[in-house]
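J.: The structure under discussion is supplied below as structure tokens; questions concerning it will follow.
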Amino acid sequence: MAPITRGDSAKPRPDGEVNGVPGAFEAPPSTMAAQLINNLSTMNQPSRQVEQDDLQRLMTEVSDLENNVNKTDDVAVKLEHNHKLIYVFARAVLERLTKDDPFMNVQQLVSQASDALDVFMGAIKEVAGVLNYILPVGVMLQGRGEEPLWLWLFPRVLTLLGRRQCEALTEKIKDFFYVSFQAVARSPKLWNLSSLFFNYLRDCVSSK
């Protein structure tokens, strides 16, 4: 089922390929990603020191690779990098917004969540296959299981929909799902994801 048409600002470019690779789009907003990482580095992260250190390490790794990865045509490298990019921002921003922390600067986090969603959409437009990315055997990330990225990410995005003080994210969240549907629709190898996305979202609505 095709999603409702949204504004042009949310639509992927019509070419949909980079060097003949289906599902690869224009580069993500790397400057925004770098700025968001800089902002997050000054904020308190997960309370457990081990978890905080691991997330900080990944932030540094993503930041160091951000400029170089945009110069490569290796889709496998882009997939791994964009997965880490999405994972880091989902953990550091989206998950923090769902916590009841009285000392949390909600307005600042909402603004950063909006930027994170922009980065997510850029990464998905660049390589749609990131939505179906599964961690390689032997690789482990805190809070990340063996499921495809979309099945891990979608609940974290949906949790913010309608959440108090997060109303400003509603349109951006709609754009995120629009881009996700459109990106996989442009890659024949990912066409099956459209029905999986739809069924998942339908089940989320029917279960309320």
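J.: Name the shape class, rounded, prolate or oblate, that the alpha-carbon gyration tensor gives for region 90-208, where a ≥ b ≥ c are the square roots of its eigenvalues, rounded holds for a/c under 1.5, and otherwise prolate holds if a/b is larger than b/c and oblate otherwise.
T.: prolate
J.: How would you rank ILE173, ILE86, going from fewest to most other Cβ atoms within 10 Å of each one's own Cβ?
T.: ILE173, ILE86
J.: Next question. Long-range amide H contacts for VAL127: which residues qualify at under 5 Å (H placed 1.01 Å from N, peptide plane, sequence gap of 5 or more or a different chain)?
T.: PHE25
J.: Let me ask you something else. If you stretched the chain out fully between MET140 and GLU167, how much longer would it get, using 0.36 nm times the residue separation minus the C-alpha to C-alpha distance?
T.: 6.4 nm
J.: Right, here's the next one. Please identify the GluC sites (Glu not before Pro) of region 93-188 that satisfy two criteria: DSSP loop assignment and at most 11 other Cβ atoms within 10 Å. Which are they?
T.: Within region 93-188, the qualifying GluC sites (Glu not before Pro) (loop, at most 11 other Cβ atoms within 10 Å) are GLU146.
Read the figures in this text as sums done on the coordinates, not as results from a lab. Just so it is clear, the structure is predicted and the values come from calculations on it, not from any experiment. Glycine gets a Cβ as well: all are built from the backbone with ideal geometry, and neighbour counts include every protein chain shown.
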